[in-house]
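Before any comments, here is the structure.
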Amino acid sequence: MYYESEELLNGYSAEDQTVLYGITGGVPDYLAKITLNLSVKENIKNLFLSESSHLFEEPINLLKQELREPATYNGIIAAIAGGASKLNEIARKNGIESNKCAKYISVLMALGIIKKDKPLTEDKSRKSIYFLDDQMFRFWYRFIPNNMSSIAAGLSDYVYNKAIAPHLPNYMGQIFEQICTQYLLRENARMSLPFVFGRIGRWWGNNPHKKRQEEIDILAIDDEDAIFGECKWQNEPIGIAVLNELIEKSEVLKQYKNKYYMLFSKSGFTKDLEETAAAMDHVGLVDLKKLYE
């Protein structure tokens, strides 16, 4: 859990703690290699961006230690990191049959590297997708393989400034969703939410009225109650339009009579949204500071 990393990252801002958690997955051995008086940039360089870095070869070494066919597994992970999320897409990119690919994926799932996901309300859905659940693997496969030559040439600043920094906000989007889910799980255990939910996850599906696909970052449910969550890792405060859009999305799931809305924002909220939420008993706003309380 992200908040368990806080003790090992004491002294960093909430934003920097979140990023450092996002590139290590909170693994104590990786967190222990962070130098606390250095910036996020310098720590990323030290962890990944030289041939002598602690994590430069970590995923490949782990695959070699755990698996008999590391090259095949490497290809599957790379395909998912590159955007393939469905079984047939992953299999096609690796030139193997889907049933055989599924067996390889099941091994990676058992190792905690890959996770299977489907819309929360559809237990038998054919909409299942796969994503990298191990955050260190996800960071490494996103940024390291395409920059091996530059890293070998000692161009760590160049790699960070050109290949990582501009894309780090996009990378952190999914991480932030996972962190916000962990926050709700913690608050659920504290019984501090409007109801105690039994299940939590993501939801996506068709909006028959708008004739478009909808995605809900977080959905937590129990009987007739539901929490709808939207997570924004961006530099600007989020406003009322985001709340209105989330409410509109929630209307697709008509089976829930009691609907609550939680907005999570890296950069806080506009004054108008704060005033609107304060006047409503079914809307909650959570910023980075509150995530770490």
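Odds and ends about this structure:
- Index of the failed condition, Met191 passing every other in (1) modelled with pLDDT of 95 or more; (2) assigned to a helix (DSSP H, G or I); (3) open to solvent by 30 Å² or more (accessible area, probe 1.4 Å): (2)
- Set side by side, the residues Glu7, Glu42, Glu15 differ, and just one is over 19 Å from the mean Cα position of the chain (by Cα), closer than 20 Å to Arg186 by Cβ and not aliphatic (A, V, I, L, M), which is Glu7.
- Segment 9-40, residues that are part of a helix (DSSP H, G or I) and surrounded by fewer than 18 Cβ atoms within 10 Å (Cβ to Cβ): Ala14, Glu15, Asp16, Pro28, Asp29, Leu31
- Selection status of Ile240, within 27 Å of Thr270 (Cβ to Cβ) and open to solvent by less than 10 Å² (accessible area, probe 1.4 Å): no
- None of Glu69, Glu97, Glu51, Glu58 is acidic (Asp, Glu) and open to solvent by less than 50 Å² (accessible area, probe 1.4 Å) except Glu58.
- Residue that is within 22 Å of Ile144 (Cβ to Cβ), among the hydroxyl-bearing types (Ser, Thr, Tyr), touching a helix residue (DSSP H, G or I) at 6+ places or on another chain (Cβ under 6 Å) and in contact (Cβ under 8 Å) with a residue 60 or more places away in the chain, where the choices are Tyr104, Tyr21, Tyr73: Tyr21
- Of all residues in segment 140-160, those that are in contact (Cβ under 8 Å) with a residue 24 or more places away in the chain and closer than 21 Å to Tyr30 by Cα have Cβ atoms under 9 Å from Cβ atoms of residues that are among the acidic types (Asp, Glu) and surrounded by fewer than 20 Cβ atoms within 10 Å (Cβ to Cβ), 6 or more apart or on another chain, in Trp140/Glu58; Ile151/Glu51.
- When segment 216-237 is limited to residues that are without any contact (Cβ under 8 Å) to a residue 60 or more places away in the chain and either more than 24 Å from Leu185 (Cβ to Cβ) or small (Gly, Ala, Ser) (or both), the one that is most open to solvent (accessible area, probe 1.4 Å) turns out to be Glu236.
The values are calculated or read from the model by the stated rules, or taken from the named source; none is laboratory data. Values in this document were obtained by computation on a predicted structure and should not be read as measured data. All Cβ positions, glycine included, derive from the backbone under ideal geometry; neighbour counts span all protein chains shown. Protein only, heavy atoms only, side chains kept; ligands, DNA and RNA dropped before computing areas. Shrake-Rupley method; radii C 1.70, N 1.55, O 1.52, S 1.80 Å.
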